[in-house]
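Data block below; observations after.
The values are calculated or read from the model by the stated rules, or taken from the named source; none is laboratory data. Remember, it's a predicted structure, so these values are computed and weren't measured experimentally. Methodologically, a virtual Cβ is constructed for each residue, glycine included, from the backbone with ideal geometry; neighbour enumeration extends over all protein chains shown. With ligands, DNA and RNA removed, areas are computed over all heavy atoms of the protein, side chains included. Shrake-Rupley method; radii C 1.70, N 1.55, O 1.52, S 1.80 Å.
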Amino acid sequence: MVSLSKETWGSRVGFVAAAIGSAVGLGNIWMFPMRAGLYGGAAFLIPYLILLFLVGVVALTVEFTLGRAVGGPIEAYGKTLPGGKYLGIFVNAMMLMIFAFYSVVVGWALKYFVTALTGKLLSVDPGSFFGSISFSTEAVVWQFIAIAITIGIVIIGVQKGIERACKIMMPLLFVMIIILAIRSITLPNSYAGLEFYLLPDWSKILSGKTWMIALSQMFFSLSCLGMSNVVYGSYIKKDQDIPLSAIVTAFGDTAVAVTAGFAIFPAVFAFGLKPTAGPGLVFVTLPVVFQKMPGGIIFAAIFFLLILFAAFSSTIAMLETNVQAATTHLNMSRKTATILFGLLAFVVGAPGAINPTYFDWIINISTVYLGPLGALIAALALIKFGVDKAYEELRKGALIEFPAIWQPWVKYVYPIVIIVIYISQFILG
Ligand code: TRP
């Protein structure tokens, strides 16, 4: 039984806050700065920004437009592609897996935030502290709390829950990251960090690898995997704008990622530490920085709150994706669907909170091997729907117009770009 969901965004600002919230996440803070540092510094921004305009903004418009025109992934793929209903179920399963491992990391961040608030984070040895709490039964408890908070927001609904939470969290997130960046840059000896982050290495611009890294980073960072953005798109009203919202989302996401580098590297280098990527950066290196920094405990609390805002505004998009599918196709109430799929993500993720091998496996499957296929499915669905009809849809309620070249671009260039990134991931490792 298909019942059309009546959920919509209350305002354009609310929608953009939710879309930026979904996009801004761990990817911005623990991957982007490192990749920029390694692949050309300031020079990396040039390919990234070019690709953001040519591919990133287009990716967002494809997923939002498809969602508004046809519906969430199961409707959108089901009505356009052969076996599309199963493709819709498949991307929902991927979304659940992403939520499952993400919630483990949010659990760690919760533990760190609480430990910062009590002041104890200053006296632990960050390396062994992380070792003792990650991959333990305690991590399962924190993961559960992370999921419970996500459920608490999603259960309230799209406008009163997700939209309102993002309208509060996103402005605060911007303020916090700027405070951290100023603190970091004004530390004595921060210059080496700025040099690592920004010193342009122009030779890297000519390497194909740089462009591929920028592209795959961008798809993950914008959450363009044919899942949550299609769902968020289905909540856009016909008189609400898509093109400008996509541009603001893309640049807002990038602004946070770039600023994260200013908050991290100057401080890391100022204390003679080595930059790393991923969990080691956030949960081991930065706590050492906070221990050495004057007033560090305050900045530690701000930093982990920032991580939590970035992460929760993403996890609510993840859970909402499954909730949209279940309320639309399984005839479930929002309440039942939210609790059920939240608990399911807990069950799928909990072994990952204990076992690092399973944790890595679930990350690789959902983000590297299968995630990009979701973006491709969304692109193919939009092409089958008709790029001319989609272009008309894109113009409804639009505050700015995209040139008509959007149509052949989406039809011929965009899917090829996704396929090339997908294949190159395996070649480049
Ligand atoms: N963009 C998020 C980040 O940078 C991660 C992400 C990928 C995501 N796909 C998503 C978030 C879907 C919400 C919904 O960390």
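Miscellaneous remarks
- The modelled label-to-label distance between Leu199 and Lys389, using points 7 Å beyond Cα along the C-beta direction, is 5.6 nm.
- Net dipole in debye of the chain [+1 Lys, Arg Cβ; -1 Asp, Glu Cβ; about Cα centre; nearest 20]: 420
- Label-point separation in nm, Lys411 to Lys209, each point 7 Å along Cα→Cβ: 3.8
- Taken over region 45-154, the alpha-carbon convex hull comes to 177 cubic angstrom per residue.
- Peptides 39-48, 241-250, 103-112, ordered by how many other C-beta atoms sit within 10 Å of their residues on average, highest first, read 103-112, 241-250, 39-48.
- The angle between the Cα long axis of helix 84-117 and the longest principal axis of the Cα atoms of the chain comes to about 20 degrees, rounded to the nearest 10.
- Nearest-ten-degree value, helix 208-221 long axis tilted from longest Cα axis of the chain: 80
- Carbon + sulfur, % of accessible area of the chain - ligands and nucleic acids excluded, 1.4 Å: 72
- Over the C-alpha trace of region 347-429, radius of gyration and Dmax come out as 17.9, 51 angstrom.
- Peptide ranges 283-294, 202-213, 387-398 listed from the most packed, as the mean C-beta count within 10 angstrom indicates: 283-294, 387-398, 202-213
- Estimated distance in nm for a label pair at Ile365 and Ala255, the labels positioned 7 Å out from Cα along Cα-to-Cβ: 3.9
- Full extension of the chain between Leu49 and Ala404 gives 125.7 nm of extra length, using 0.36 nm per residue less the Cα-Cα distance.
- The residues of region 124-200 present an accessible area of 47 Å² per residue when probed at 1.4 Å with all protein chains retained.
- Computed extension length for Ser123-Val141: 4.2 nm, one decimal, from 0.36 nm per residue of separation with the Cα-Cα distance subtracted.
- Straight-line reach from Lys292: taking Cα to Cα under 18 Å and skipping same-chain neighbours fewer than 8 places apart, the aspartates and glutamates in range are Asp125.
- Protection-proxy order for peptides 232-239, 125-132, 410-417, 15-22, each taking the mean of Cβ atoms within 10 Å per residue, highest first: 15-22, 232-239, 410-417, 125-132
- Expected 222 nm ellipticity per residue - DSSP helices of 4 or more, -39500 (n - 2.57), all of the chain, to 500: -22500 deg cm²/dmol
- Straight Cα distances below 17 angstrom link Lys384 to the lysines Lys79, Lys85, Lys411, with same-chain residues fewer than 8 positions distant left out.
- Counting every pair of alpha carbons in the chain, the share spaced more than 37 Å apart comes to 19 percent.
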